[in-house]
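*Asks:* Can you keep this structure in mind? I'll have questions shortly.
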Amino acid sequence: MSHPIDAFFETLIREGGSDLHLLESQPPKIRRHGEIRPIREAPLDHAEMTALLQPIAKPSLWQKYLAHGDADFAYEMGIDARFRCNYYKQLHGFGAVFRIIPTKIKTIAELGVPEVIQSFGDLKSGLVLVTGPTGSGKSTTLAAVIDYINSTYARHIVTIEEPIEFVHPNKHSVLTQREVPSETPSFSSGLKAGLREDADVILVGEMRDLETISLALTAAETGLLVFGTLHTNSARKTVDRIIDAFPSDQQAQIRTMLSNSLRAVCAQLLFKRKDGKGRLALNEILIATPAVGAIIREGATVKFNDVIKTGGMDGMQLMDDAIFNAMQEGLISGEEAYMKALEKPRFEAYREDRGV
């Protein structure tokens, strides 16, 4: 069954865009290679927004949106296209953003991210954190790792997501995918239930509160392999965010727990390619070694950069080094490198290279 909004989704796919933006009183727009542009001149009015948004939402979800002003869910257009949907209310009325979710899950090699990320799927237990701002491709990278486990090992994998993005078929593993809030009330409740569901691997879509972080640490310590995400852009900030989530009188204990359970941190950013052909994912990678564990226990995360710099043989790399190398290879412009670098003075001299 087709819906009026499908015509906009077809335009998004045809144009090679990643996101569709619909806001009452503005023209519909799409994001392509990081840039947002309108796809028609006429603005959307309230009647058209209602006609576009209401049919693809469950009646209960639509009523929740009208009452509270927010709703998140996934929508499938036939068998070939899936979208992550976020409805919200804004100054001029209704608003919505739709992110296209590829139906084919790419491998780590196809994504072009460091090969060491795939090895996270070989771990038997511990905590792996994939971090970055919204829209940096965390879900895509994690889906590739989960698909690798699914294709290689016979395990029970539980994912807790809001909403479910990539749908994994059962291969060698058994997949249980649960959506917040329709199938479990929250990330923490889904994680708590996962501990009783004979899980080997748990993916927590977002570690946004103290209870979820605490449960993830406990699960990792008790022998499960836990993947989680945070909105941080470096290994140091990620570990600091975990520790700072707890009251000060608990932080020494949490540092000890984290030093024992953390296996890796992978921070990810997306960059506009210099040739205009899409975007490029670059990563900072920290692998938990005995030195990393000692640093966490000491609370001296400022030392992480030195460990990462000398850990190339283990697959570690600093974000700024990855950015610099991509710039030197002509993959991204000097301006793009400067804008997203953590230590900007290193890239100041390259800013005149504005790129495409």
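The values are calculated or read from the model by the stated rules, or taken from the named source; none is laboratory data. Just so it is clear, the structure is predicted and the values come from calculations on it, not from any experiment. Ideal geometry is used to build each Cβ from the backbone, glycine not excepted, and the neighbour counts take in all protein chains shown. For accessibility, only protein heavy atoms count, side chains too; no ligands or nucleic acids. Shrake-Rupley method; radii C 1.70, N 1.55, O 1.52, S 1.80 Å.
*Asks:* Please compute the modelled spin-label separation between residue 240 and residue 210, points set 7 Å along Cα→Cβ, answer in nm with one decimal.
*Replies:* With each label point 7 Å from Cα toward Cβ, the separation is 2.1 nm.
*Asks:* Here is a further query. Check the straight Cα-Cα distances from residue 340 and name the lysines below 21 Å, setting aside those fewer than 8 residues away within the same chain.
*Replies:* List returned: 138, 237, 272, 274, 277, 309.
*Asks:* Oh, and also: For residue 343 and residue 3 in one chain, what is 0.36 nm times their gap in residues minus the Cα-Cα distance, to one decimal in nm?
*Replies:* Result: 117.6 nm gained on full extension.
*Asks:* Hey, how many Å between the Cα centroid of the stretch 7-54 and the Cα centroid of the stretch 94-120?
*Replies:* 23
*Asks:* Let me ask something else. Around residue 51, what is the net charge, scoring Lys/Arg as +1 and Asp/Glu as -1 over all other residues with Cβ under 15 Å from its Cβ?
*Replies:* Neighbourhood net charge equals -4.
*Asks:* Something else: Along Cα→Cβ, 7 Å out, is where each label goes; now give me the distance between the ones at residue 107 and residue 279 in nm to one decimal.
*Replies:* Result for the modelled spin labels: 2.4 nm.
*Asks:* Count neighbours as other Cβ atoms within 10 Å of each site's Cβ, and list the trypsin sites (Lys or Arg not before Pro) in the stretch 76-163 that are DSSP loop with at most 13 such neighbours.
*Replies:* For trypsin sites (Lys or Arg not before Pro) across the stretch 76-163 that sit outside H, G, I, E and B with at most 13 neighbouring Cβ atoms in 10 Å, the list reads 104, 124.
*Asks:* To continue, here is another question. So for the stretch 201-356, what percent of the C-alpha to C-alpha distances run longer than 19 Å?
*Replies:* Numbers: 6965 of 12090 pairs.
Value for the stretch 201-356: 58 percent of Cα pairs lie more than 19 Å apart.
*Asks:* Continuing with this model, one more query. Can you pull the percent of the stretch 220-356's accessible area that's carbon plus sulfur, 1.4 Å probe, other chains left in place? List each step's numbers first, then the result.
*Replies:* Values: 3080 of 6390 Å².
Answer for the stretch 220-356 is 48 percent, counting heavy atoms of protein chains only.
*Asks:* Net charge near residue 182: determine it from the other residues with C-beta under 12 Å of the C-beta of residue 182, scoring Lys and Arg +1 and Asp and Glu -1. Provide the component values of the computation, followed by the final result.
*Replies:* On the way: positive: 58, 64, 178; negative: 72, 161, 162, 179, 183.
Taking every Cβ under 12 Å from that of residue 182, the sum is -2.
*Asks:* Highest first, please rank the peptides 36-47, 281-292 by the mean number of other Cβ atoms sitting within 10 Å of their residues. Intermediate values should be presented prior to the final figure.
*Replies:* On the way: 36-47: 12.3, 281-292: 20.8.
The packing order, highest mean first, is 281-292, 36-47.
*Asks:* What part of the accessible area of the stretch 1-77, given as a whole %, is carbon or sulfur when the probe is 1.4 angstrom?
*Replies:* Working: 2170 of 4100 Å².
Carbon plus sulfur share of accessible area: 53 percent.
*Asks:* If you don't mind, there's one more thing I want to ask. State in Å² the accessible area per residue of the stretch 205-356; use a 1.4 Å probe, count heavy atoms of protein chains only, and round to the nearest integer.
*Replies:* Per-residue accessible area for the stretch 205-356 comes out at 46 Å².
*Asks:* Find the centroid of the Cα atoms in the stretch 227-263 and in the stretch 159-192, then give the distance between the two in whole Å.
*Replies:* Taking the Cα centre of the stretch 159-192 as reference, the centre of the stretch 227-263 is 23 Å away.
*Asks:* Considering only protein heavy atoms and a 1.4 Å probe, what is the carbon-and-sulfur percentage of the accessible area of the stretch 84-205? Intermediate values should be presented prior to the final figure.
*Replies:* On the way: 2610 of 4930 Å².
About 53 percent, which is the carbon plus sulfur part of the accessible surface.
*Asks:* Given contacts defined as C-alpha pairs under 8 Å and at least six residues apart, what's the relative contact order of the chain, whole-number percent?
*Replies:* 12
*Asks:* Please list 13-26, 246-259 highest first by mean number of surrounding beta-carbon atoms within 10 Å per residue. Provide the component values of the computation, followed by the final result.
*Replies:* Details: 13-26: 17.1, 246-259: 14.7.
Going from most to least packed, we get 13-26, 246-259.
*Asks:* Among residues other than residue 239 whose Cβ falls under 14 Å from its Cβ, what is the net charge (Lys/Arg +1, Asp/Glu -1)?
*Replies:* On the way: positive: 236, 237, 241, 255, 263, 297, 303; negative: 240, 244, 284, 298.
Computed value for this residue: +3.
*Asks:* Next question. Between residue 156 and residue 124, what length in nm is gained on full extension when 0.36 nm per residue of separation is reduced by their alpha carbon distance?
*Replies:* Roughly 10.3 nm would be gained on extension.
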